[in-house]
Amino acid sequence: MTIQNIVMPQLGESVTEGKIERWLVQVGDKVNKYDPLAEVTTDKVSAEIPSSFAGVITELIANEGETLPVGAVVCAIEVEGSELPPAPAEKSSNVSSAILNAGSQKKEEEKPAAKKEDKPERTERKPGRFSPAVLSMANEHDVDLSQITGTGVGNRITRKDVEAYIAAGKPTNQDISNDEQPTAFAEQKQESSPQTSAQSATQTSAPAPQPKQDIPVAAGDIEIPVTQVRKAIAKNMLRSTHEIPHAWMMMEVDVTELVEYRDSIKEDFKKKEGFNLTYFAFFLKAVSQALKEFPIINSVWAEDKIIQKKDINLSIAVATDDALFVPVIKNVDEKSIKGIAKEIHEYAHLVRNGKLKMEHMQGGTFTVNNTGSFGSVQSMGIINHPQAAILQVESIVKRPVIVQGNMIAPRSMVNLCLSLDHRILDGMICGKFLSRVKKILENVDKQKMSVY
């Protein structure tokens, strides 16, 4: 029998951490290889941590609600010898002999210690073993972790313990008097001048990070914890606005014929297919056709080069009450409007039920955002890094328009708002692209744009 650790897995190319939402096992449970151990959420998806071994759970190191970096140990399993990974092959007899001799010497040295304790105690934790989240919060608020009693497994200090300590107004390192400081530190302060002490502290350790500015919370204010998804959105949007020089243009489109065509077939379509035929499917189809004619729009920035993507994979924004997800419809130019509408419906269902997976959000080359569904008539989107542009499809509004013969007539109008990366694209090529999308949408009936 031996103990093996299970670590936080890499659940996506850009995922760096995960949050333990719920343990599916307890200490003492017997598990098989690949059995789910815990539910975990990242900034992109929800998933399960599978067991890498068959054995018995001996310790749950991470706590529910705790966020850990990829590779951090989350639990321990006692496994039999047959379940262990194979040992590396021996390179030569000399190397093998050296290893055996070293192993024999090490065993001789360890024998007295082994006699003192036949089986190590698993419930007590080594001092100073804290999760990155706990260390980060302690540094941020200048908290001495030795002053906190842990409530986690094996008396482990959790993030909630630190939050409770801070909320209770307990003293921080800055509040502790000189008499309460460690002896070595007190002696140093007595024997050296402030300048010398500062220099010595700089040489021996890196300066502690400055605490964030506290924003006062008044009575009646509500503090809302920042979720992993919201953190990811903030990080990606900040990166996009910092790195990408955004430019913007808007074009007005008369979609009266599109509205009439869609309204004439939507009821039969719903009865036949079981889901709605939305305007958005028509817009995605038109965009994919225009991207084939202006492929530079379907590009990504790669520092020393621009990569023009062969496939037209459209990222679409799907929102919930507190999060935004960007699933990808692959090869849109090869799909019918019915096929596009079906994928829009399926992705919306997955997002609402929390079943969207990492593979659903990878490979996007251009983003189309249906801001019109919220009633917006004009907006400027932030580009989905590293793509070259994002198109906002605004609300279709009926209003009086001057038509042929200087007549005024009610028409269904929509604004298409394009944000572009000015490192890759210029106004002329984007104007041509939007004009092509406009022409396709304004001639739906003439072109007999088939839904099937």
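The values are calculated or read from the model by the stated rules, or taken from the named source; none is laboratory data. No experiment lies behind these values; they were computed from the predicted model shown. Positions of Cβ are backbone-derived with ideal geometry, glycine not excepted, and every protein chain shown enters the neighbour counts. Quick note on the areas: whole protein, heavy atoms, side chains included, nothing else; ligands and nucleic acids left out. Shrake-Rupley method; radii C 1.70, N 1.55, O 1.52, S 1.80 Å.
A few points about this structure:
- Of Lys266/Lys357; Lys330/Lys439; Lys231/Lys270; Lys271/Lys438; Lys270/Lys355; Lys19/Lys342, pairs whose Cα-Cα distance is over 27 Å: Lys266/Lys357; Lys231/Lys270; Lys271/Lys438; Lys19/Lys342
- One chain, two ends: Asn155 and Met237. Fully extended at 0.36 nm per residue, the span grows by 25.6 nm beyond their Cα-Cα distance.
- Selected from Phe294, Met250, Val226, residue furthest toward positive end of dipole (segment 210-347; charges at beta carbon): Phe294
- Here is the list for segment 251-334: GluC sites (Glu not before Pro) lying in DSSP coil, each with at most 14 other C-beta atoms within 10 angstrom of its C-beta, are Glu303.
- Accessible area per residue was computed with a 1.4 Å probe on protein heavy atoms; His345 scores about 90 Å².
- Pairwise alpha-carbon distances in segment 313-452 exceed 18 Å for 65% of all pairs.
- FRET efficiency, 1/(1 + (r/R0)^6) with R0 45 Å, evaluated for Glu21 and Lys439 via beta carbons: 0.40
- Given a 1.4 Å probe and the protein chains as shown, Leu11 ends up with an accessible area of around 40 Å².
- Charged-residue dipole, Cβ positions (Lys, Arg, Asp, Glu), segment 287-408 about Cα centre, Debye nearest 20: 320
- Summarising the label geometry, the points placed 7 Å from Cα in the beta-carbon direction at Ile265 and Arg352 lie 2.5 nm from one another.
- For segment 224-376, the share of accessible area belonging to carbon and sulfur comes to 52 percent (1.4 Å probe, ligands and nucleic acids excluded).
- Total charge dipole magnitude, segment 345-452, about the Cα centre, Cβ charges on Lys, Arg, Asp, Glu only, Debye to nearest 20: 280
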